[in-house]
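The values are calculated or read from the model by the stated rules, or taken from the named source; none is laboratory data. None of these values were measured; they are calculated from a predicted model. Note that each Cβ is placed from the backbone with ideal geometry, even for glycine, and that neighbours are counted across all protein chains shown.
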Amino acid sequence: MKLLLLADKESPYFWDYYQPGRLREYDLMLSCGDLKAEYLSFLATLGRAPLYYVRGNHDGNYDRRPQTHPAARRRAATALRTS
């Protein structure tokens with residue numbers, strides 16, 4: 001099983017410079033806190049693996065389930081068109 005562990009800072013490798021299929025190899029994605037909800041939505045949209053998250057000490061905006069943010073939808077649509 002291959003895990004993608006994420007915490008504290010959004011990775012440009014996945015966020016800004018995403019390439020189609022980059023998340024394909026992971027079986028599970030786990031956010032360990034303090035990441036933007038739109039970043040997690042983007043990863044959940046493009047990855048095939050389930051994504052679980054733990055609230056961090058700076059995650060005050062997770063009072064409800066993260067919704068797909070418009071920026072994450074735009075990034076996902078662009079990535080899907082180029083694949």
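Of the residues that sit in region 30-83 and are hydrophobic (A, V, I, L, M, F, W, C) and under 11 Å from Leu6 (Cβ atoms), which one is modelled with the lowest pLDDT?
Taking the candidates together, the pick is Val54.
Give me a count of the residues in region 8-40 that are touching a strand residue (DSSP E or B) at 6+ places or on another chain (Cβ under 7 Å), closer than 13 Å to Arg55 by Cβ and part of a loop (DSSP other than H, G, I, E, B).
Qualifying residue count, region 8-40: 2.
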